[in-house]
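Take a look at the structure below.
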Amino acid sequence: MPYAHYETCESTLGRGVKRSHCPKILLAMAVFIASTSSRQAWGADSPIVFERSFGPFSGVRGLAVDATGNLYVPDVLQSTISKFGPDGALVTTWVPGQSPYFLAVGPDSAIWVAVIQNGLGWSLARFAPQGDFLSTFASFDNIHNVAFDPTGNYVYIVNHYFGRIHKFRIDGTQIASWDASPFPVGIAVDRGGRVYVSLDRGSGPLKVFNPDGVLLDSFGISAGQLTIGNDGSLYTAWLDRIRDYTTSGQLLWEMPVPDAHNLFAITLDEPRQKLYAAEYSGADDKVYVFSNGPTSVTIDIKPGAFPNSIQPKSKGVIPVAIMTTAAFDATSVDIATVRFGATGTEAAPVQSSPTDLDGDGKTDLILHFATESTGIGCGCITASLTGKTLGGQKLRGADSVSTVGCK
Ligand SMILES: [Ca+2]
Ligand SMILES: [Ca+2]
């Protein structure tokens, strides 16, 4: 359990002022962030929660997330790649060529893009994470996709129109090529090195090959892109829903996505417990964001003031703001579920009001909590807020505190 490691602050309620355990909370949060890739996190018994959607885009066939949680969205008709930060804010947009069909983050941390390059036709091109062109890895007619072996030593390229999978060493040497006709599109490689290939428009069974291209299995699964989680299961986005299968093709769970009709692309960001899916129709396509675990919200204890001085023995209240950001709408908070204090479970708000605190035109939420109910003791250096949205999505945020009047 992620939060089992949390130790409570020394409460001022009926206790003397003693050495506090609060500094350990920060350490426990880091452990939580680093240890969320397991079957428990994304398995059959913990389905995900829809968080939000954004767009529009004009045809999204692939999605990728880098090691720090940035999301890359290629737009086929606009011929752009947009990079969004983990907070949902647009970081940059660049034109990698014409019709970027798919991308992946390579073991070299470069962004590998299947795209039409002037003079080279369809190519697999490498870009720096800010969009600078690095090199062209290979050119084939109608490259549609790329996947990497978990060792990072091999690259698999989907040659869509000719129905073939090409295998390269990362140094650029081609070592195999095999038939996966007709019209392969999606590709993913599991930890055992097996290669999963989906066919265009759900036209045929999903095929499983060994690393040398020997057909091992095929399942009656219709899918666009494919991704495999650290739990070893296979995630697909197709038409109006996302699905999770075992790697032997057994459906574990499926989830209809509100207002989605043309889902095609999918990727996971397991360290941050996010799943992204996107539509491919050519107009008004959206990226859909799902989460498994509390959504991180930005809170500001004593809005506008710093340090956030708290007098633990005070009979007063502590104002705490939940900020609206690109990724989160503070007006969606179910106020009755909010708790705030040393661990985020203690005090319910005594007062709340929506207001635009930072003047960005978006309404934030300010809540007041009775200091004596928060469990914030002398020596505490952080306090947390938990709660849910009206839609049931779990929330968590933290901010620093500095205790005063403790002598
Ligand atoms: Ca503050
Ligand atoms: Ca605001």
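Only the coordinates and a few stated rules stand behind these numbers; no lab work does. Just so you know, these numbers come straight off a predicted model, no measurement behind them. Cβ sites come from the backbone with ideal geometry, for glycine too, and all protein chains shown count toward neighbours.
Things worth noting here:
- Compared with the direct C-alpha span, the chain from F306 to S139 gains 54.6 nm at full extension, assuming 0.36 nm per residue.
- Farthest toward the positive end of the dipole of the chain, out of A398, I165, T92, is the Cα of A398, where the dipole comes from beta carbon charges about the Cα centre.
- At 1.567 mPa s and 4 °C, Stokes D of segment 294-403 from Kirkwood alpha-carbon radius, µm² per second: 95 µm²/s
- About the centre of its Cα atoms, the chain shows a dipole size close to 1060 debye [charges on the beta carbon of Lys, Arg (+1) and Asp, Glu (-1) only; nearest 20 debye].
- Among G192, G232, G359, the largest mean-square fluctuation in a Gaussian network model of the chain, built with springs joining Cα atoms closer than 10 Å, belongs to G359.
- Candidate aspartates and glutamates - alpha carbon under 12 Å from K302, same-chain residues fewer than 8 apart omitted: D399
- Between D329 and F54, the contour length at 0.36 nm per residue exceeds the Cα-Cα span by 97.7 nm.
- When peptides 122-134, 179-191, 365-377 are sorted by average Cβ neighbour count within 10 Å, with the highest value leading, the order is 365-377, 179-191, 122-134.
- Label-point separation in nm, A176 to D358, each point 7 Å along Cα→Cβ: 4.9 nm
- Segment 168-235 and segment 331-375: distance between their alpha carbon centers, rounded to Å: 48 Å
- Estimated translational D of the chain in µm²/s (Stokes, Kirkwood radius over Cα pairs; 20 °C; 1.002 mPa s): 93 µm²/s
- Label point distance in nm, D200-Q98, each placed 7 Å from Cα along Cα→Cβ: 1.8 nm
- Segment 361-392 residues near the modelled Q351 label - backbone nitrogen below 14 Å, point 7 Å along Cα→Cβ: 366-371
- Packing here is the average count of other Cβ atoms within 10 Å per residue, and on that basis the peptides 87-96, 48-57, highest first, run 48-57, 87-96.
- Principal-axis tilt of helix 23-34 within the chain, Cα atoms, nearest 10 degrees: 20 degrees
- Counted charge near R61, where neighbours are those whose Cβ lies closer than 15 Å (Asp, Glu -1; Lys, Arg +1): -2
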